[in-house]
Amino acid sequence: MDVVSLTKEFVSFNSASPLSNTPVSRAMAKWMRKAGMQVEVLEYKDPNGVTKTNLVGKKGKGTGGLAMMGHNDTVPAEGWAWDPFKVVQKKTRIYGRGVADMKGSVACMIATAAAFSARNLKKPIYVIVTADEEINCGGADYVARHSKVLHSSKIRYGIIGEPTLLDVVHGHKGSFRVYATAKGLATHSSTGRGRNANHILIPFLNEMLSIDRELKTRKKYLNPDFDPPHSTLNIVMNDGNSASNITVPFSQATINFRPMPGQNLSPIRDRIVRMAKKHGVQIKISDSLVPLNTPPKSRIVQEALKVTRKRKPKTVSYGTDGMIFGKNMELVVLGPGSIQQAHTIDEWIEIDQLHKGVDVFSSMVSRFCIEDPA
């Protein structure tokens, strides 16, 4: 299979996270079957009622082996000078939404699976493709809970193929989200009789910023293995774009922390609950997306270092589906392309990175599924 042709085909589907990824998943499933894989299709409805599709492919018999994991949703593409869903080649690069993050990597995985004969495998190869990674890892969560293949295969080792320029990443930050809602009373602002929901929410958010300052400065919350060495906080607000002469009846904010491995945020969680009660704000906390922290001495890390000829593994500050799959598997993040291209206008990847991606994934499959089965 030609990895560049596969990438071009997959990019041609607009699978931005608000949309269904089912069309591109069907195309990927077709190629996975051509690669000799049995494919489990797992569909669900997202919170907006949009159908999303996950794929779990398996080649070979038995349990164990090596999983290669990616996602086929992308961030939206706006402001491009040309059609972002039609790959353009310029010299040594190809451009298009998702070539780096991460349809090119998924193409590498499928091409890798196709290169091996099932009868030569002592342990199976898996290719897992999820939806909604760009939102909240909803697809990975669904696969982890519902995949019969995953539950029966006892997979210990895996590769998350996010773009790392084929550097070996053994750890990344997680996601701790607070959904805060305040309710007011809408009246004409001149009457002085209304209750502005923003005025309720803002004092709560000011205290959240105090927590943010503590996370950046208190030694017990810092980890020098990461850059930046602290959890970051981001606040997104929505009050329905109320007119300036109406007291806002409803206001909400999503606050996202990125905790690091080993951080105990339970005291912070308890403090946020008390703050919300004090200010009359309703909250929902989601802390199920845990940091990835595979020990550097793990076999998956050591084999990846040998294959890529790197000296030591790295950490990164973004998150991946490893926040879900890393709870039950030892994982590395390892993939073609640069994370600097993810989510950018005119996203690109070096063609050579795609070919090297196939070489690296193939070497990992050989080590874990043929030479010294895991």
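If Lys and Arg each add +1 and Asp and Glu each add -1, what is the summed charge of the other residues whose beta carbon sits under 15 Å from the beta carbon of V3?
0
Taking only C-alpha pairs under 8 Å that are 6+ residues apart, what is the relative contact order of the chain in percent?
25
Just tell me which aspartates and glutamates come within less than 20 Å, Cα to Cα, of K90; anything on the same chain fewer than 8 places away is out.
Within the straight-line cut-off, K90 pairs with D2, E9, D101, D346, E347, E350, D352.
Between helix 22-34 and the chain, what is the angle of the helix's C-alpha long axis to the longest principal axis, kept within 0 to 90° and rounded to the nearest 10?
With rounding to tens, the tilt is 20 degrees.
Roughly speaking, what is the centre-to-centre gap between segment 117-156 and segment 25-48 when only Cα atoms are used, to the nearest Å?
Taking the Cα centre of each part, segment 117-156 and segment 25-48 sit 11 Å apart.
Among K183/K219; K52/K216; K86/K122; K122/K306; K86/K356; K52/K183, which pairs are too far apart, with a Cα-Cα distance over 29 Å?
Details: K183/K219 37 Å; K52/K216 37 Å; K86/K122 39 Å; K122/K306 21 Å; K86/K356 23 Å; K52/K183 32 Å.
Pairs exceeding the cut-off: K183/K219; K52/K216; K86/K122; K52/K183.
Going by how many other beta carbons lie within 10 Å of each one, how would you line up S251, S189, fewest first? The partial results should precede the final answer.
Values: S251 24, S189 16.
Going from sparsest to densest Cβ surroundings: S189, S251.
Counting only residues 5 or more places away or on other chains, whose amide H sits under 5 Å from the amide H of V248 once H atoms are built in the peptide plane?
Those qualifying (amide H under 5 Å, at least 5 residues apart or on another chain) are A197, N198.
Expressed as an acute angle from 0 to 90° and rounded to the nearest 10, what is the orientation of the C-alpha long axis of helix 103-114 relative to the principal long axis of the chain?
Relative to the chain, helix 103-114 is tipped by roughly 30 degrees.
Can you return the aspartates and glutamates within cross-link range of K278? Criterion is Cα-Cα under 15 Å, with same-chain partners fewer than 8 residues away left out.
E207, D270
No value in this document is a laboratory result; all are computed from the given coordinates. Note that the structure is predicted; figures quoted are calculated from it, not measured. As a convention, Cβ positions derive from the backbone with ideal geometry for all residues, glycine included, and neighbour counts pool all protein chains shown.
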